[in-house]
Amino acid sequence: MASISILPLSFLFLLTLSSTALAAAPRKPLNVPFGRNYAPTWAFDHIKYKNGGAEVDLVLDKYTGTGFQSKGSYLFGHFSMSMKLVGGDSAGVVTAFYLSSQNSEHDEIDFEFLGNRSGQPPILQTNVFTGGKGDREQRIYLWFDPSKDFHTYSVLWNLYMIVFFVDDVPIRVFKNCKDIGVKFPFDQPMKIYSSLWNADDWATRGGLEKTDWSKAPFVASYKGFHVDGCESSVQAKFCATQGTRWWDQKEFQDLDGYQYRRLRWVREKYTIYNYCTDRKRYPTLPPECRRDRDI
């Protein structure tokens, strides 16, 4: 019988490092015009087209906001948008970029930018709904002024995890925890939505700060309308190209050490609310929080 050698601990440690070193940053999106992948959904006259449709402005006044959605529905992929948010006194104003399915037990992946009074930074809120259940809010301040220039906000969604990025910095991970009883979006295609609207009943300091309409119109600008997803009918239960796209590959099954350090930097310096640490709402730690490194 051949002898069985025992691997030294140092070698096992190197193996562990190599297995996590395969992670990679998402590919850079292409710049394509708005009309290739998106269409207005309401208040068409409050969407302004610039540079031949390469950029659009959403406009909010005291009469209405506006929004748009993707022409297709998608089951997994990388979804990004370059945005320049409302500047100045934007209390009560919400700018949203999100994915959502179309039924009562819907799945949803949210970026929501909550306006603030002049001199105070806006707040970025993220949330994940699975099977109609949300209540997984996290809120951060950004480390730059998002009204001064365009920045890219993106979602990487595959069978293993959902990652929220600001530029190339991961700000949140929601891993597939079906094995411990947490639902994960995997069989409901989603459309991509964006909107600008008045939400002064809740958006700023829980509704205490109201929209100052003397500062209207409020404008949010967009560009970079590329979509890199598995396009599916709304009835589809699986992606027809599963396993063949770049965002399906092994290097996108987890973050690497550098990305986790960036995520920890956001946690420690910029997070102002995390449902995982809210013991009044959740006396028992939600099971996904430990795997998502949210505590």
Which residues, counting only those in the range 34-46, are surrounded by 17 or more Cβ atoms within 10 Å (Cβ to Cβ) and more than 20 Å from V227 (Cα to Cα)?
-> A43, H46
Filtered residues of the range 47-59 (kept if surrounded by 15 or more Cβ atoms within 10 Å (Cβ to Cβ) and in a strand (DSSP E or B)) | I47, E55, V56, D57, L58, V59
Looking only at the range 200-211, decide whether some residue is over 21 Å from L30 (Cα atoms), assigned to a strand (DSSP E or B) and either aromatic (F, W, Y) or open to solvent by less than 30 Å² (accessible area, probe 1.4 Å) (or both).
-> no
If you scan the range 256-278, which residues turn out to be farther than 17 Å from V169 by Cα, of a type in the set (S, T, N, Q) and open to solvent by less than 20 Å² (accessible area, probe 1.4 Å)?
-> N274
Count - residues of the range 97-120 that are out of contact with any Leu (no Cβ under 7 Å at 6 or more places or on another chain) and over 26 Å from A236 (Cα atoms) = 8
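Table: residues versus (1) touching a helix residue (DSSP H, G or I) at 6+ places or on another chain (Cβ under 8 Å); (2) aliphatic (A, V, I, L, M).
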residue: Y38; (1), (2): no, no
residue: W42; (1), (2): no, no
residue: L58; (1), (2): yes, yes
residue: T66; (1), (2): yes, no
residue: S73; (1), (2): no, no
residue: T95; (1), (2): no, no
residue: S101; (1), (2): no, no
residue: F111; (1), (2): no, no
residue: Q120; (1), (2): no, no
Residue pairs qualifying under the 6 Å Cβ cut-off, at least six apart or on distinct chains, with the first in the range 263-281 being over 20 Å from L114 (Cα atoms) and the second being exposed (fewer than 13 other Cβ atoms within 10 Å of the Cβ) and modelled with pLDDT under 95, are C276/I295
Would you point out the residue of the range 122-141, among those that are surrounded by 19 or more Cβ atoms within 10 Å (Cβ to Cβ) and assigned to a loop (DSSP other than H, G, I, E, B), that is modelled with the lowest pLDDT?
-> P122
Conditions: (1) open to solvent by 30 Å² or more (accessible area, probe 1.4 Å); (2) of a type outside the set (F, W, Y); (3) free of Cβ contacts under 8 Å to residues at least 60 places away in the same chain; (4) more than 30 Å from D292 (Cα to Cα). K62 meets all but one. Number of the miss?
-> (3)
Of everything in the range 144-168 that's open to solvent by less than 10 Å² (accessible area, probe 1.4 Å) and in a loop (DSSP other than H, G, I, E, B), which residue is nearest to S90 (Cα to Cα)?
-> P146
If we scan the range 81-91, do we find a residue that is surrounded by 20 or more Cβ atoms within 10 Å (Cβ to Cβ) and modelled with pLDDT under 95?
-> yes
Of the residues in the range 282-293 that are free of Cβ contacts under 8 Å to residues at least 40 places away in the same chain and under 17 Å from K175 (Cβ atoms), the one that is nearest to the chain's Cα centre (by Cα) is C289
Which one is farthest from P29 (Cα to Cα) among residues in the range 229-255 that are open to solvent by less than 30 Å² (accessible area, probe 1.4 Å) and not in a loop (DSSP other than H, G, I, E, B)?
-> S232
Do you know which of the residues in the range 103-115 that are open to solvent by 20 Å² or more (accessible area, probe 1.4 Å) and over 19 Å from N158 (Cα atoms) is nearest to the chain's Cα centre (by Cα)?
-> E112
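The values are calculated or read from the model by the stated rules, or taken from the named source; none is laboratory data. None of these values were measured; they are calculated from a predicted model. So basically every Cβ, Gly included, is an ideal-geometry build from the backbone, and we count neighbours across all protein chains shown. For the accessible areas, the whole protein counts, side chains as well, though only heavy atoms, and no ligand, DNA or RNA atoms are used. Shrake-Rupley method; radii C 1.70, N 1.55, O 1.52, S 1.80 Å.
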